[in-house]
Amino acid sequence: MTKEEKKQLVGKLSEKLSNTDYFYITDASGMTVAEINDFRSLCFEKGVEYRVVKNTLIQKALETLETDYTDFNNNVLKGFSGIMFSPEVGNLPAKILKEYRKKSGKKDDPRPLLKGASIDSDLFIGDENLDTLSNLKSKQELIGEIIGLLQSPAKNVVSALQSGGDTLAGLVKTLAEREQ
């Protein structure tokens with residue numbers, strides 16, 4: 001690859017990283033070509049883009065962004081690296097990684113490994129964060145939960161007033177009939 005081609009690739013990668021709020025860097029070393037292709041297919045089916053990119057090119061692309069990614073440079077960008085870009089949902093790549101590992105059945109060697117992730121400019125480093133990342137809720141899910149929580153007390157009050165009104169009316173009617 002020529003210097004000009006590398007420069008163009010870094011430019012495209014920088015643009016992609018700046019336009020994506022969620023990306024994961026993985027380590028698929030030790031996987032066969034067929035396994036990587038299966039993983040790539042799973043990503044494609046779920047709407048996540050997966051690319052294998054040289055660490056130096058990733059590092060140069062990250063340097064062009066406003067967020068400080070020095071922790072990635074020191075701890076993540078070593079060995080074989082692939083990037084997963086998730087357009088809208090921050091936990092989707094984590095779920096894909098877990099699903100692929102489960103499907104592959106290799107419990108003693110879970111690949112691909114999570115090297116690092118950037119979720120709305122928050123950095124997560126290490127495979128031990130995979131469970132945490134897979135349990136993250138999307139912005140839409142959180143908004144839905146908040147709306148549900150806000151509506152719940154109002155529904156309970158209205159329900160209690162309605163059922164209480166029926167009970168109260170029945171009680172008054174019963175008492176009125178007794179007095180006659």
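In this calculation the C-beta distance from Val33 to Asn73 is compared with R0 = 35 Å, giving a FRET efficiency of 0.80.
Dipole magnitude for the range 35-86: about 200 debye, using +1 per Lys or Arg Cβ and -1 per Asp or Glu Cβ, origin at the Cα centre.
With R₀ fixed at 22 Å, the C-beta to C-beta distance from Ile147 to Glu99 puts the FRET efficiency at about 0.15. Annotation: amide H-H contacts under 5 Å for Ile119 (H modelled 1.01 Å from N, sequence separation of 5 or more, or interchain): Phe124. Residues of the range 80-95 with an amide N closer than 17 Å to a point placed 7 Å from the Cα of Val53 along the Cα-to-Cβ direction: 80-88, 93. Rounded to the nearest 10 degrees, the inclination of helix 92-104 to the longest alpha-carbon principal axis of the chain is 70 degrees.
Placing pseudo-labels 7 Å out from each Cα toward the beta carbon at Met1 and Asp120 gives an inter-label distance of 3.2 nm. Taking 0.36 nm per residue of separation and subtracting the current Cα-Cα distance, fully stretching the chain between Glu177 and Thr132 would add 9.9 nm. For the range 4-11, 3J(HN,Hα) computed residue by residue from phi via the Karplus equation (6.51, -1.76, 1.60; θ = phi - 60°) reads 5, 5, 5, 4, 5, 4, 4, x Hz, glycine and proline entered as x.
Ordering Ser104, Ala34, Ala94 by the projection of their Cα atoms onto the charge dipole of the chain, which places +1 on the Cβ of Lys and Arg and -1 on the Cβ of Asp and Glu, puts Ala34 at the extreme positive end.
Coordinate-derived values only; no laboratory data. The shown structure was predicted, so the numbers you read here are calculated from the model rather than taken from an experiment. Here Cβ is always computed from backbone atoms with ideal geometry, including for glycine, and neighbour counts include all displayed protein chains.
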